[in-house]
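Enquirer: Just dropping this structure here.
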Amino acid sequence: MSEKKLFAKYVSQNILGMLGISVYILADTFFISMAEGADGITALNLVLPVYSLIFAVGAMIGVGSAIRFRILRARGDRSADTYFSNAVLWALILGAVFIAAGIAVPDRIVALLGGDDRIVAVGKDYTAIFMSFAPFFMWNHICNAFVRNDGAPAVAMAATLLSSLFNVVFDYVLMFPLRLGMRGAALATALSPVLGVAICCVHLLSKRSTVRFRWARPSLRKLLSSCQLGVSAFVGEISSGVTTVVFNGIILKLAGNVGVAAYGVVANTSLVAAAVFNGVSQGAQPLLSGYYGKGERASVRKVMRLGVGTGMVFSVLIIALVWAVAEPVTAVFNNEGNAELAAYAVTGLRLYFTGFLFAGFNIIGTGILSATESARWAFLASVSRGFVAIILCAFALSYLLGMNGVWLSFPAAELATAVLVGAAFASGSRSDMKKNEKKK
């Protein structure tokens, strides 16, 4: 099968899978807004960074280990077989830390993230429940990444879509007919990765699978080796959490709880756009790693061009769509008809989403760098967009422009990172040219 056909197959299925994840987060936000109003959205938005951290750790271990597995398998290295079990065991160890914190101090976690007494009361049970399922969130990322890298993207897509559908349905059932409120939303979210792991096991336990679980002492060296290649996936997940923490702190001072609720609408809607680009990035990754491991540089370059080109097309379409539907999107989550929330959110959506012109390139670009073992460039680009640039821009622009500065800090940070990713690609091209000259 040609590179273009394989790219279309893997990327389309991964975009659908990633959209499934974002849809259930939107469903959480919608149902919580119906049950708890602006306070519920504020509580959800304040604890999203913890959720992002759990996802980020799982993504870093899962994607990084799966890349190592794919590259080593392409080279015929038998050590490839040990990376799955190592990832699963480390996820259990690290997940236990989140379980302990969620059980012991959920109220302090919500308060630390900016919640007042009213918001702590709304959000503490939600936090305790979803943190208790941290290993399953991580295992879901790991199993999904290995299934995808083992040549079964359709199973990975099915696992993501069906677990997301489960979450949406049980969000409603548990929150309204069973009247569990925020606890119901947390239970639906916490149980969905259990279903995702079970579906992935349909492939992992089949005869077609080349991935095997082998009991062995967890290796820190293999974990760190994997995390080097999974850092872009980590930052891709954690950046939304870091951005949320920084923005929440700034917005609380500028516009109070209503402003944070408006940001909740913007942030959760932006997850849908990010899902598209993560789908392109993760769909291209098995192909890039496989071709790279075999030394097929021409095929690597073809997939790179397809990935970046696809991302640019989606960027333009998404920005145009959000500008057109910002008001009705806001109305869906503004059940109380709060005019102040609506004004903030509509402006926020339109300004914030212009950043996806650059964010799409950055998400796909850092994924390409990781998949081809350009770990140093991937790390620098990921840290720029996830931490350094966004924090500096948020403080500087909010000081100069108030709430509009908060919204514009995302496009500014992504633009700065795009320059860095472009430099990484240019450096790789020069390196390839030098290698070709030496061969001649």
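The values are calculated or read from the model by the stated rules, or taken from the named source; none is laboratory data. Bear in mind the structure is a predicted one, so any value in this text is a computation, not a measurement. Every residue, glycine as well, gets a Cβ built from its backbone with ideal geometry; the counts of neighbours run over all protein chains shown. Heavy atoms of the whole protein, side chains included, go into the accessibility calculation; ligands, DNA and RNA do not. Shrake-Rupley method; radii C 1.70, N 1.55, O 1.52, S 1.80 Å.
Each row is one residue, and each column tells you yes or no for (1) of a type in the set (Val, Ile, Thr); (2) surrounded by 24 or more Cβ atoms within 10 Å (Cβ to Cβ); (3) touching a residue at least 12 places away in the same chain (Cβ under 8 Å); (4) assigned to a helix (DSSP H, G or I).
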| residue | (1), (2), (3), (4) |
| --- | --- |
| Trp215 | no, no, yes, no |
| Val272 | yes, no, yes, yes |
| Val280 | yes, yes, yes, yes |
| Lys302 | no, no, yes, yes |
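Enquirer: Let me spell it out: the conditions are (1) at pLDDT 85 or above; (2) crowded, with 17+ Cβ neighbours inside 10 Å; (3) out of contact with any Lys or Arg (no Cβ under 8 Å at 6 or more places or on another chain), and Phe387 meets all of them except one. Which number is the exception?
Expert: (1)
Enquirer: Which residue is surrounded by the fewest Cβ atoms within 10 Å (Cβ to Cβ), if the candidates are limited to region 126-137 and must be farther than 15 Å from Leu44 by Cβ and in contact with a Gly (Cβ under 6 Å, 6 or more places away or on another chain)?
Expert: By that ranking, first place goes to Ser132.
Enquirer: Taking region 371-384 as the search range and keeping residues that are surrounded by fewer than 21 Cβ atoms within 10 Å (Cβ to Cβ) and part of a helix (DSSP H, G or I), which one is modelled with the highest pLDDT?
Expert: Ranking the qualifying residues of region 371-384, first place goes to Leu380.
Enquirer: Moving to a separate point now. Open to solvent by 40 Å² or more (accessible area, probe 1.4 Å) and either touching a Ser or Thr at 6+ places or on another chain (Cβ under 9 Å) or part of a helix (DSSP H, G or I) (or both): does that describe Thr366?
Expert: Judged against the criteria, Thr366 is not a match.
Enquirer: Output the qualifying pairs, or none if there are none: Cβ atoms under 6 angstrom, residues six or more apart or on different chains, first residue in region 91-109 and closer than 16 Å to Leu220 by Cβ, second residue open to solvent by 50 Å² or more (accessible area, probe 1.4 Å) and assigned to a helix (DSSP H, G or I).
Expert: That search, which allows pairs on different chains as well, returns Ala91/Trp139.
Enquirer: From the set of residues in region 146-179 that are part of a loop (DSSP other than H, G, I, E, B) and of a type outside the set (Lys, Arg), which is least open to solvent (accessible area, probe 1.4 Å)?
Expert: Ala152
Enquirer: Just the residues that are within 16 Å of Ala267 (Cα to Cα), of a type in the set (Val, Ile, Thr) and open to solvent by 10 Å² or more (accessible area, probe 1.4 Å), please, taken from region 390-426.
Expert: Ile391
Enquirer: Could you list all residues from region 101-125 that are of a type in the set (Val, Ile, Thr) and surrounded by 15 or more Cβ atoms within 10 Å (Cβ to Cβ)?
Expert: Val105, Ile109, Val110, Ile119, Val120, Val122
Enquirer: Which of the residues spanning region 156-181 are of a type in the set (Phe, Trp, Tyr) and over 14 Å from Val197 (Cα atoms)?
Expert: Within region 156-181, Phe170, Tyr172, Phe176 meet the criteria.
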